[in-house]
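The values are calculated or read from the model by the stated rules, or taken from the named source; none is laboratory data. In this text, all values refer to a predicted model and were calculated from it rather than measured experimentally. All Cβ positions, glycine included, derive from the backbone under ideal geometry; neighbour counts span all protein chains shown. What goes into the accessible areas is simple: the full protein's heavy atoms, side chains included, and nothing from ligands, DNA or RNA. Shrake-Rupley method; radii C 1.70, N 1.55, O 1.52, S 1.80 Å.
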Amino acid sequence: MKPRRGEVSIPLQPPGQDPAGTPDQRPQDYFAWSFFNVLAGHLAYLGCLCLPALLLSIKARDCNLLGDLEGARRHGFRAKVLNIICTTLMVIAVVSTIALAIILVASSR
């Protein structure tokens, strides 16, 4: 009786890549950035504007956990755009407050 040979398959792609060759990465949800914007936004009275970014980040994280990568990518992109807008508004608010304080101090002398 001859020994039977079994088929052996060796994967040629590195682990973590799909057959098309692009890495299989989870989309980002930007939760930490959104949470920081909400906390810092309350100091600059812009917390209500940053809240939608936090909600979209939570939606992106939920979609990511459920395996809906397209939904996670869409919500993550929207959260990123809203975070950019909120961060820009906060920087403008802080810079204008500092400039106003300098002008008031200089004019009172």
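If you go through segment 64-89 and keep only what is within 17 Å of W33 (Cβ to Cβ) and small (G, A, S), you end up with A72, G76, A79.
Inspection of segment 74-81 identifies no residue that is touching a residue at least 24 places away in the same chain (Cβ under 8 Å), in a helix (DSSP H, G or I) and more than 10 Å from the chain's Cα centre (by Cα).
If you check A40, A53, A60 for being open to solvent by less than 60 Å² (accessible area, probe 1.4 Å), in contact with a Pro (Cβ under 8 Å, 6 or more places away or on another chain) and in a helix (DSSP H, G or I), only one passes: A60.
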